[in-house]
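**Q** Before anything else, here's the structure in question.
Only the coordinates and a few stated rules stand behind these numbers; no lab work does. Not measured: the values here are computed from a predicted model. Here the Cβ positions follow ideal geometry from the backbone for every residue, glycine too, while neighbour counts run over all protein chains shown.
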Amino acid sequence: MRFQELERIEDIVKPSNRREQRVRHFIEWTKKRLGLADEPINIVFSYDRDDAQDQHRTGQWDYQNNHMVVYVGNRNMVDILRTVCHELVHVKQGQVGDIQRATRHGPGSPLEVEADAKAGYLMKLYGKLHRDIFE
Ligand SMILES: [Zn+2]
């Protein structure tokens, strides 16, 4: 099970992989739109459905360790990109100190509302430019 998952992750990180290229292009586009500082971000694409279900989430940003996890198993590209975008808004929130100042985190918090709203808006813009994300 684990081994099979690793092979599939290898699939998506191959430079020749079309989906991987699409995700990388989207990340660069979104970084510019959000005005993110040009710092490297560690992103792991996970097929670990058990983890996604247990944690009730499709992505996670650990700002203290500069580490992002995006769940990609059985998901449409537009959903994957929306999660990436949501987490990139959190990266921005960390860069400007909003996460550090926040008194509330988690569902319904201002940080989450902003991440969902900006991700929704940017996905609309990106979708108009790149219709192939609607698979
Ligand atoms: Zn979030």
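**Q** Considering only region 87-107, state which residues are within 11 Å of the ligand (Cβ to nearest atom) and at positive phi.
**A** Gly106
**Q** Glu112 is checked against (1) surrounded by fewer than 16 Cβ atoms within 10 Å (Cβ to Cβ); (2) within 11 Å of the ligand (Cβ to nearest atom); (3) of a type outside the set (A, V, I, L, M, F, W, C) and fails just one. What number does that condition carry?
**A** The one condition Glu112 does not meet is (1).
**Q** Starting from residues that are surrounded by fewer than 22 Cβ atoms within 10 Å (Cβ to Cβ) and part of a strand (DSSP E or B), keep the ones in region 54-68 and report whichever is farthest from the ligand (Cβ to nearest atom).
**A** His67
**Q** Could you give me the residue pairs with C-beta distances under 7 Å whose first residue belongs to region 110-127 and is in contact (Cβ under 8 Å) with a residue 12 or more places away in the chain, whose second residue is basic (Lys, Arg) and away from the ligand (no atom under 15 Å from the Cβ) wherever it lies, and which are 6+ apart or on separate chains?
**A** What qualifies is Leu122/Arg33.
**Q** Specify which of the listed residues (Leu122, Leu88, Leu129) is within 16 Å of Val44 (Cα to Cα) and out of contact with any Gly (no Cβ under 9 Å at 6 or more places or on another chain).
**A** Every option except Leu88 fails the conditions.
**Q** What number of residues within region 26-37 are assigned to a helix (DSSP H, G or I) and in contact (Cβ under 8 Å) with a residue 40 or more places away in the chain?
**A** 7
**Q** From (1) of a type outside the set (Gly, Ala, Ser); (2) buried (at least 19 other Cβ atoms within 10 Å of the Cβ); (3) more than 12 Å from the chain's Cα centre (by Cα), pick out the condition that doesn't hold for Glu87.
**A** (3)
**Q** Can you tell which of Leu81, Leu125, Leu129 is loosely packed, with under 11 Cβ neighbours inside 10 Å and more than 12 Å from the ligand (Cβ to nearest atom)?
**A** Selected residue: Leu129, the only one of Leu81, Leu125, Leu129 that is loosely packed, with under 11 Cβ neighbours inside 10 Å and more than 12 Å from the ligand (Cβ to nearest atom).
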